[in-house]
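Notes for the one structure printed next.
The values are calculated or read from the model by the stated rules, or taken from the named source; none is laboratory data. Because the structure is predicted, anything quoted here is derived from the model rather than measured. Quick reminder, even Gly has a Cβ in these numbers, built from the backbone with ideal geometry, and neighbours come from all protein chains shown. All accessible areas refer to the heavy atoms of the entire protein, side chains included, with ligands and DNA or RNA removed. Shrake-Rupley method; radii C 1.70, N 1.55, O 1.52, S 1.80 Å.
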Amino acid sequence: MFNTVLKMRWNKMVAVLAIGLAAILTILAVSVVPARAGSLQRGGFSQFSNGNGAHGGGLPAINGGIAGLSGFRFNFKGGDHHIASVAATFDTSYIGSCEGSWCVLYTDKNHDDPFWYDMSWQELPVGSIYKLSYVSLNSNTTIYRLGDATPETTPVLTGFRMSVNGYTDMHLDKISARVYTENGSVYAYAWFDDDGGSKSRYAQISYAEIPNAHIQIKPTISGFSSGKEVSGSLDGQHPVLQGFGMMFWGNDHHIDRLGAQVTPGSWRITFEDKKPDDRYQYWLYWAEIIP
């Protein structure tokens, strides 16, 4: 019976992917920033927010290079909630109430719920090209063309924001942000849905194109969880996210803890309401940076 349900859901997913590759898209910023080869750094933040909006600050010096997103993890202090916005990004644009450097956001429509967060970064190599895109999400579309790919490069995430438009929020069924190159274009695979998918939503996705000589794509990590956080070992010392995806296997839910992380030697996925017993499927896309 489970295999039959899985096959039906997979077929539905494939059908959705085939509907179209159209999106409302605006390329907001492009910049090239040099980094010092051979000395790439890593770092992160683990702090508490009082929940009054976006939280951010300045990065430590990273040789003038670009910070790639290697992980994020959120946890509401007072139990689970609806979701209006979630963001973890290193960019040069305005997101919420912080501009430049780094920014996190995790909120329902009231913007008043305290939360803990972890966020980690991997410095990217010399020649990396930063880009930022805005996508209007569509319930019938999951793949969005972001623009032409720079030849001989591979994209990785530098950040994302998923939000419901207007002063409203929703239960969460699935969330995903992934960048990849195909046939000379960069695409984003993006979800931010409840069961109905009727609310107006958008995604802001920033990424960096890495020279192929400095990056190695690693096998996708995927599986099912009974509802609890899952983790495992990782064959990499400079890992960075290319993308992530989590989908409840059944109905949508409030959300409490949410995260996707790759660190030297390990990975972790978190997708839970206040009672971690709801089965979900997960995907983790990552690459190893070569100094």
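Figures for the structure shown
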read-out	value
Rel. contact order, % - alpha carbon contacts under 8 angstrom, at least six apart, segment 126-234	39
Exposure ranking of Arg161, Arg201 by accessible area [1.4 Å probe, largest first]	Arg161, Arg201
Hull shadow area, averaged, segment 109-219 [alpha-carbon convex hull, nm²]	8.5
Label-point separation, Glu229 to Arg145 (7 Å along Cα→Cβ), nm	4.1
Label point at Asp112 placed 7 Å out along Cα→Cβ; residues across segment 156-185 whose backbone nitrogen lies under 19 Å	166-170
Histogram of C-alpha separations across segment 158-269, 5 Å bin width, %	2, 9, 18, 21, 20, 15, 9, 5, 1, 0
